[in-house]
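See structure below.
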Amino acid sequence: MRRVSHGALLTELIALRDGTPYPLKTATDAFVKGVAGTFPRGRSVLLDYLRLHRFQPHDFEGDMHCDICGLPREAEIRADAVLASAQAGHSSNEMPETVSPRWEEVLTLIPGPATAAEHAVLGTLLRLIEEAPEDETPGALEKRIAKAAFCP
């Protein structure tokens, strides 16, 4: 576990972003591959990319979490747990401090471009979501997607 202050983590995240060029297209391809199930680790890449590109230098404002960026006043980062979760295909935007270990790892991975078949899986998923009745619950949508059996 690593403890790091808001200011130090923010500086680290900005340096990580600015020091490691990673195109949006690569992040998008990783996400598509993640949704298709061929690269589960990719499910969190696009979210992390977008979050990383929103961080700007600022002083902490707020109580426990910064009102500007959402980082905690002091983060406790358990990189092993964060990476295990990402490898399993989990994606979360609830804890922005977890971007750092995931992004450091993703820079070592080269998933390659998404294929037409992988894009088709995402397209099917989006169509199912778009066709959802207005009163459909998330749980019912999940069951409908599972029943369609087109993705893992």
Provide the three semi-axes, in whole Å and in decreasing order, of the ellipsoid equivalent to the range 39-83 as defined by the square roots of 5 times the Cα gyration tensor eigenvalues. 23, 15, 7
Each label point is 7 Å from the Cα along the Cα-to-Cβ direction; what then is the distance between the points at Glu12 and Leu24, in nm? 2.8 nm
Protein accessible area in the chain, 1.4 Å probe - carbon and sulfur %: 58 percent
Based on the Cα atoms of the range 69-152, what semi-axes does the equivalent ellipsoid have, where each is the square root of 5 times one gyration tensor eigenvalue, given in whole Å with the largest first? 30, 19, 11
Hz values of 3J(HN,Hα) by residue in the range 11-28 - Karplus curve (6.51, -1.76, 1.60), Gly and Pro given as x: 4, 4, 5, 5, 5, 4, 5, 6, x, 9, x, 8, x, 4, 4, 5, 5, 5
Put Met64, Met95 in order of accessible area, largest first, 1.4 Å probe: what do you get? Met64, Met95
Linear extension gain, Glu94 paired with Glu130, 0.36 nm per residue minus alpha-carbon span: 10.5 nm
Each label sits 7 Å from Cα toward the beta-carbon; between Lys143 and Gln56 the label points are separated, in nm, by 4.5 nm
Let me have the 222 nm mean residue ellipticity of the chain computed from DSSP H runs of 4+ only, each contributing -39500 (n - 2.57), with the sum over all residues rounded to the nearest 500. -15500 deg cm²/dmol
Can you tell me what percent of all Cα-Cα pairs in the chain are more than 25 Å apart? 38 percent
Ordering 24-37, 75-88 by per-residue average of other C-beta atoms within 10 angstrom, highest first, gives 24-37, 75-88
Can you give the accessible area per residue of the chain, in Å², using a 1.4 Å probe? 58 Å²
How many Å³ per residue does the convex hull of the Cα positions in the range 1-74 occupy? 105 Å³
Let's see if you can work this out: charge +1 on each Lys and Arg Cβ, -1 on each Asp and Glu Cβ, no other charges. What is the dipole magnitude of the chain about its Cα centre, in debye to the nearest 20? 580 debye
Roughly how many whole Å is it from the C-alpha centroid of the range 12-48 to that of the range 79-152? 12 Å
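The values are calculated or read from the model by the stated rules, or taken from the named source; none is laboratory data. Fair warning: this is a prediction, and the values are worked out from it, not measured in the lab. Backbone-built Cβ (ideal geometry, glycine too); neighbour counts: all protein chains shown. In case anyone asks, the SASA skips ligands and DNA or RNA and just uses the protein heavy atoms, side chains included. Shrake-Rupley method; radii C 1.70, N 1.55, O 1.52, S 1.80 Å.
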